[in-house]
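Please read the structure below before turning to the comments.
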Amino acid sequence: MKNLIFKNGDKLPILGLGTWKSKPGEVRKAVYWAIEAGYRHIDCAAIYQNEREVGQGIADAMADGLVKRKDLFITSKLWNDSHRHEDVKPALEKSLSDLRLDSLDLYLVHWPIAFKPGIGFATHREEFYTYQDVPLTQTWEAMQEQKSSGLTKHIGVSNFNQGKLKEILGMEGEKPEMNQVEMHPFLPQKNLVNFCAENGILLTAYSPLGSPDSRADRHKNDPKLLENAVVAEIARKHNASVGQVLIAWSISRDIAVIPKSVNKDRIIENLKAAELDLDQQDLDHFANIEVNHRFVDGSFFTGPQSPYKLTDLWDS
């Protein structure tokens, strides 16, 4: 398994198990199966509302002697309702309690969007904070304190564009060590990838298979990455699944990737993608896919009642 290396030498297995949309009642077994299969990187978040079950899966695997805590790399994320300085530590401590851990390996600011305490998804203006109310710099100061205290080994962000990253990079102290963003051949994010590389920020790709489970009414006409002809042809060439070559695409770019599954066979299949070697011809074919689409468009944060705009999330 290829690793990404943090500045202090810590290693992040480049392929991990995502747990977004993994339902309580399913995710405990999924985490156990993943660890049993060889995964050592588990990606979590408070807003997924399943960290307690994820923690049970980790505890089961350790109780059965499959791994020790030091063998695992566990990521979680600060939700939007805990951006105030005084709310960051309690939010992290809640995730640690649910996950049955003493510390995280990586803690991320989930979105550059702030809600008032206790708000899961803000829908009315009074449920939001603005950047004037709670600047990102305030949140980042508190994130740095969590690293200093030892509650997390590394800190970073998620869904941050270049402008928001520059705001954090302009501060004194710790810089973001990771930016987790949607990334796949329909959304390769070349400019952001280059910016992060230039500034020593590692990247993790979420929704690497194109969010095939996001097929609600407003997504029913989305292009289907898993059915793309170019991707299918590359998969046939390697005698691999479409999902495997999409995962391998991120790995070939030295970007961590966190496909989600609660199916034991699919979890094992996804892990084998780490063994795939895509050649330059494959990468050229991927680069020539003439589809540009963002599945997680952030519009649920930027409606008429919100003080935020899509330009707060994505580079133009």
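Under Stokes-Einstein, with the Kirkwood radius over Cα pairs standing in for Rh, what whole-number D in µm²/s applies to segment 143-255 at 10 °C and 1.306 mPa s? List each step's numbers first, then the result.
Details: Rh = 15.9 Å.
D, rounded to a whole number, is 100 µm²/s.
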**Message:** Could you work out how much longer the chain between Val67 and Thr123 gets when fully extended? Use 0.36 nm per residue separation minus the Cα distance between them, nm to one decimal.
**Reply:** 15.9 nm
**Request:** Please name which of Leu271, His154, Gln144 has its Cα lying farthest along the dipole of segment 119-275 towards the positive end, using unit charges on Cβ (Lys, Arg +1; Asp, Glu -1) and the Cα centre as origin.
**Result:** Leu271
**Message:** For Cα pairs less than 8 Å apart in space and 6+ apart in sequence, what is the mean separation divided by the residue count of segment 5-95, i.e. the relative contact order in percent?
**Reply:** 29
**Request:** Round to the nearest 0.05 the FRET efficiency obtained for His293 and Asn199 when R0 = 30 Å and r is the Cβ-Cβ distance.
**Result:** 0.70
**Complete:** Restricting to Cα pairs under 8 Å and 6 or more apart, the percent relative contact order of the chain works out to 19
**Request:** Would you calculate the separation in nanometres between label points at Met1 and Lys264, each defined as 7 Å from the Cα along the Cα-to-beta-carbon direction?
**Result:** 2.0
**Request:** In nm, give the distance between the simple-model label positions of Lys166 and Leu283, each being 7 Å from the Cα along the Cα-to-Cβ direction.
**Result:** 2.8
**Inter-part distance where segment 161-184 and segment 288-309 are each reduced to a Cα centre, Å** = 19
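Ignoring any ligand, DNA or RNA, what whole percent of the accessible area of the chain comes from carbon and sulfur when the probe is 1.4 angstrom? Write out the running numbers ahead of the final one.
Numbers: 6520 of 14070 Å².
The computed percentage sits at 46.
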**Complete:** Computed over the chain, the distribution of all Cα-Cα distances in 10 Å bins, rounded to whole %, is 6, 27, 36, 24, 6, 0
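Please give me, ordered by residue number, the GluC sites (Glu not before Pro) of segment 155-217 that lie in loop per DSSP and have at most 14 other Cβ atoms within 10 Å. Walk me through the intermediate numbers first.
On the way: sites: Glu167, Glu172, Glu174, Glu177, Glu182, Glu198; in loops: Glu172, Glu174, Glu177.
Hits after loop and neighbour filter: Glu172.
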**Asked** For all pairs of alpha-carbon atoms in segment 182-316, what percent lies in each bin of width 5 Å, listed from the first bin to the last filled one?
**Response** 2, 9, 18, 21, 20, 15, 9, 4, 1, 0
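Over segment 81-214, what lengths in whole Å, largest first, do the semi-axes of the equivalent ellipsoid take, defined as the square roots of 5 times the eigenvalues of the alpha-carbon gyration tensor?
Working: eigenvalues 104, 70, 59 Å².
One finds semi-axes of 23, 19, 17 Å for segment 81-214.
Percent relative contact order of segment 192-316, based on C-alpha pairs within less than 8 angstrom and at least six residues apart?
Values: 98 pairs, mean separation 30.7, N = 125.
The value is 25 percent.
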**Message:** How much of the DSSP bridge set in segment 32-170 is antiparallel, in percent, rounded to the nearest 5?
**Reply:** 10
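For the chain, what proportion of DSSP beta bridges, expressed in % and rounded to the nearest 5, is antiparallel? Mind showing how you got there, number by number?
Details: 5 of 30 bridges.
The antiparallel fraction comes to roughly 15 percent.
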**Item:** DSSP bridge pairs, segment 174-316: antiparallel proportion in percent, nearest 5
**Value:** 10
**Top of Leu209, Leu106, Leu226 by mean-square fluctuation, Gaussian network on the chain, Cα under 10 Å** = Leu226
**Fill in**
accessible surface per residue for the chain, probe 1.4 Å, DNA/RNA/ligands not counted, whole Å² -> 45
**Asked** Under a Cβ-Cβ cut-off of 15 Å, what is the net charge of the residues other than Gly118 that fall near it, where Lys and Arg count +1 and Asp and Glu count -1?
**Response** -2
**Asked** Pick from Asp81, Asp282, Asp102: which is most flexible by mean-square fluctuation in a GNM of the chain where alpha carbon atoms under 10 Å apart are linked?
**Response** Asp102
**Asked** Per q in 0.18 1/Å, what log10 I(q)/I(0) does a Debye calculation on the alpha-carbon atoms of segment 244-316 return?
**Response** -0.88
**Message:** Once you place label points 7 Å from the Cα toward the Cβ at Glu93 and Thr130, how far apart are they in nm?
**Reply:** 3.2
**Asked** Using bins 5 angstrom wide from zero, how does P(r) for segment 29-142 break down, in % of all Cα pairs?
**Response** 2, 12, 22, 20, 15, 11, 9, 6, 3, 1
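Using only helices, what value at 222 nm comes out for the chain when you add -39,500 (n - 2.57) per DSSP H run of length 4 or more and divide by the total residues, to the nearest 500 deg cm²/dmol?
Values: 10 runs with 106 residues, N = 316.
Per the formula, -10000 deg cm²/dmol.
The values are calculated or read from the model by the stated rules, or taken from the named source; none is laboratory data. Since this is a predicted model, take the numbers as computed values, not measurements. Every residue, glycine as well, gets a Cβ built from its backbone with ideal geometry; the counts of neighbours run over all protein chains shown. Each accessible area value is taken on the protein alone, full model and side chains, heavy atoms only, with ligands, DNA and RNA left out. Shrake-Rupley method; radii C 1.70, N 1.55, O 1.52, S 1.80 Å.
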